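The values are calculated or read from the model by the stated rules, or taken from the named source; none is laboratory data. The model shown is predicted, which means the values in this text are computed figures rather than measured ones. Don't worry about glycine lacking a Cβ; one is built from the backbone with ideal geometry, like all the others, and counts go over all protein chains shown.
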Amino acid sequence: MTLESSDWISIINIVATSILSISVVVLTARSTKASVKTTELTEKSVELSERAIRLNEEMNKATELDQRKYKNIIRFHYVNELKQKAVNISEIISTRNYEIVWNKLRDPSLIQTIPVTELALYFSKDEIETINGAWENLESIVKSFGGVFAFFEQEQTIRMRNIVQQIGIPISTLVLLLEDIMRQNIEAP
């Protein structure tokens with residue numbers, strides 16, 4: 001039996017359709033696998049992104065902690081320096097020999113040498129006002145101090161008491177502030 005040309009065309013059509021159908025099934029299966037893998041990769045990518053975000057947040061927190069620790073160390077140093085000078089001034093003005101008081105208060109090492117711009121990095125506005133107020137008061141009194149010894153001893157004593165009071169109150173306030181800062185905010189490095 002011989003096949004006619006229409007039969008051959010039908011057979012070729014069937015074979016081509018079968019090959020095409022098999023190819024579609026194979027490609028669909030591959031596409032499905034690719035979609036599944038893409039979904040898995042997307043999920044992994046999202047998971048990695050979330051991990052990266054958490055890691056970045058942790059690194060930022062660590063950096064902030066390091067910065068706070070560094071800032072705290074500097075603040076601790078400044079508080080100690082200022083307190084030591086203020087306590088020295090308190091001890092000086094409690095001396096009964098006014099000539100010694102005069103000579104020691106003129107010592108340049110007692111002057112607060114931390115610039116306000118530096119203080120602003122480590123202290124609040126109120127703290128800075130107290131710190132600067134104490135030293136500005138001390139400086140103005142020391143500048144006007146020169147005439148104390150030009151008076152008789154009795155007037156000298158009265159004038160010195162006034163000076164001691166004028167210096168003592170702001171310095172005592174400063175010492176209390178610095179002690180309070182140490183109690184509340186600062187850990188020793």
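Filtering the range 107-119 down to residues that are in a loop (DSSP other than H, G, I, E, B) and either closer than 14 Å to Pro170 by Cβ or touching a residue at least 12 places away in the same chain (Cβ under 8 Å) (or both), which residue is nearest to the chain's Cα centre (by Cα)?
Taking the candidates together, the pick is Ile114.
Considering the range 79-106 alone, what residues qualify as being at pLDDT below 80 and outside any helix (DSSP H, G or I)?
If the condition is that a residue be at pLDDT below 80 and outside any helix (DSSP H, G or I), then Thr95, Arg96, Asn97, Arg106 are the ones that fit.
With respect to Thr95, is the statement that it is of a type outside the set (Gly, Ala, Ser), over 39 Å from the mean Cα position of the chain (by Cα) and surrounded by 10 or more Cβ atoms within 10 Å (Cβ to Cβ) true?
Answer is yes for this residue.
List the pairs whose first member sits in the range 56-83 and is in contact (Cβ under 8 Å) with a residue 12 or more places away in the chain and closer than 15 Å to Phe123 by Cβ, whose second member is in a helix (DSSP H, G or I) and of a type in the set (Phe, Trp, Tyr), and whose Cβ atoms are under 7 Å apart, counting only residues at least 6 apart or on separate chains?
Lys71/Tyr122; Ile74/Tyr122; Arg75/Tyr122; Tyr78/Tyr122
Filter the range 1-38 down to the residues that are surrounded by fewer than 10 Cβ atoms within 10 Å (Cβ to Cβ) and assigned to a helix (DSSP H, G or I) and list them by number.
Correct list: Ser5, Ser6.
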